[in-house]
Amino acid sequence: MAPPPSSPSSDPVSAAGAAPAAAMASSGPLSPAETAAFVATLLREDGIDPATGRGDVTTDLAVPAAARAAASAVARETMVVAGLGLALAVFRALDPTLEIAARVRDGERLAAGETLFTVAGAARPILVGERAALNLLQHLSGIATLTRAYADAIDGTGTVLLDTRKTVPGLRRLAKYASRCGGAHNHRQGLADAILIKDNHIAAAGGVQAALDRVMAKTDLPIELECDNLDQVKTGLASGVSRLLLDNMDLSTMREAVSLAAGHVPLEASGGVTLTKIRSIAETGVDFVSVGRLTQSAHAIDIGLDFACSRD
């Protein structure tokens, strides 16, 4: 069971703000019931019965039931934390008697060598839960870490960094939480949140104006129009849309669009935004920059579980 879709935000086109790191609770975005269901899915994927914690044939056969262990999750590289609460929930689900201590919170920056959490107790459940917990923590922290690099790159420009719907299927809610941990704001959670008229919609509708006319006659949802050129920008401005998305425009054309909009309609730049280009894009005067690679291309952070075991 994948995490359920989140409820629409107060501003469906993009969230009102990204929470500061200090405000990020380590429990993450899921309720206790949602967390339990999600962790059960992770365990079943590994062939583990969530009710018994059994199914790891290597651990069951090789490790004595009486074996005790202490383990520390340690950052092997600079990172921003995301998903800690869910990772710890894996161990709690396997054995509620484990002694678990979080050393950091989601949204915190860590240097290589710093400890994220410790867990001690029966060795078997620690070994069983290790990979599921680390996989999730590494993936979500990778998103948060990359997002923080992009957010830092445009610091001071006044431009807001947005994520997109380019997420691993079934993990969007968690991916968007991780991007918030890194300093981004959320764009649409799903297709029902707001209108975003893109090039394929325009082609299917018979043109920009035809698409706008059909949409505006039938909804009062926020409307964003994707624009490939300045003519489309002018059409969108004349139609009174909520926001214009400047798709793959060069810097000169973006500046012209900013001049045309004159602050009356927010502008969002998107398409081909790299870490080396994002500040130049922000400095054109656009209000938002959306970056698909935050949730689509972030590498998993290297986190190790340093493990010590005894039979005493």
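Read-outs throughout are calculated quantities, based only on the coordinates presented, and are distinct from any laboratory measurement. The structure presented is a predicted model; accordingly, all values stated were derived computationally and were not measured. Ideal geometry is used to build each Cβ from the backbone, glycine not excepted, and the neighbour counts take in all protein chains shown.
Annotations
- Exposure proxy for 303, 281: other Cβ atoms within 10 Å of each Cβ, ordered fewest to most, give 303, 281.
- Among the listed values [x] 1.11; [y] 1.32; [z] 1.16, the one matching Cα Rg over 2.2 N^0.38 Å as calculated from this structure is [z].
- At q = 0.24, 0.25 Å⁻¹, base-10 log of I(q)/I(0) for segment 37-133 (Debye sum, equal scatterers on each alpha carbon): -1.24, -1.29
- Stretching the chain fully between residue 302 and residue 218 yields a gain of 25.3 nm (0.36 nm per residue, less the alpha carbon separation).
- Virtual spin-label span in nm between residue 149 and residue 229, 7 Å along Cα→Cβ: 3.6
- Dipole magnitude (debye, nearest 20) for the chain, charges at Cβ of Lys, Arg, Asp, Glu: 320
- Annotation: amide H of residue 303 within the under-5 Å range of 76, sequence separation 5 or more or interchain, hydrogens built in the peptide plane.
- Taking the square roots of five times each eigenvalue of the Cα gyration tensor of segment 185-290, the equivalent ellipsoid has semi-axes of 22, 15, 13 Å, listed largest first.
- Distance from segment 173-211 to segment 272-312 (C-alpha centre basis), Å: 20
- Sites residue 309 and residue 57, calculated FRET efficiency, Cβ-Cβ separation with R0 22 Å, nearest 0.05: 0.75
- Charge sum, other residues only, whose C-beta stays under 15 Å from residue 125's C-beta, Lys/Arg counted +1 and Asp/Glu -1: -2
- Radius of gyration and maximum dimension Dmax of segment 40-91, Cα, Å: 14.0, 37
- Partners for residue 277 among lysines (Cα-Cα distance below 30 Å; same-chain residues under 8 apart left out): 166, 176, 198, 234
- Close amide H pairs (under 5 Å, H built 1.01 Å from N) link residue 68 with 123, 310, 311, 312, residues at least 5 positions away or on another chain.
- Summing Lys and Arg as +1 and Asp and Glu as -1 over all other residues whose Cβ lies under 13 Å from the Cβ of residue 235 gives a net charge of -3.
- If you plug the beta carbon distance of residue 209 and residue 166 into 1/(1 + (r/R0)^6) with R0 = 45 Å, you get a FRET efficiency near 0.95.
- Karplus-based coupling profile of segment 69-83, in residue order and whole Hz: 8, 9, 9, 10, 8, 10, 5, 9, 8, 4, 7, 10, 7, 7, x, with θ = phi - 60° in 6.51 cos²θ - 1.76 cosθ + 1.60 and x standing for Gly or Pro.
- For segment 81-195, diffusion coefficient by Stokes-Einstein and Kirkwood Rh (Cα), 10 °C, 1.306 mPa s, µm²/s: 103
- Remark: the residue 260-residue 97 segment gains 52.4 nm on full extension, using 0.36 nm per residue and subtracting the alpha carbon distance.
- The dipole here belongs to segment 185-290: it is taken about the Cα centre, uses +1 on the Cβ of Lys and Arg and -1 on the Cβ of Asp and Glu, and is about 100 debye.
- Among 187, 299, 201, residue whose mean-square fluctuation peaks in a GNM of the chain (springs only between Cα atoms under 10 Å): 201
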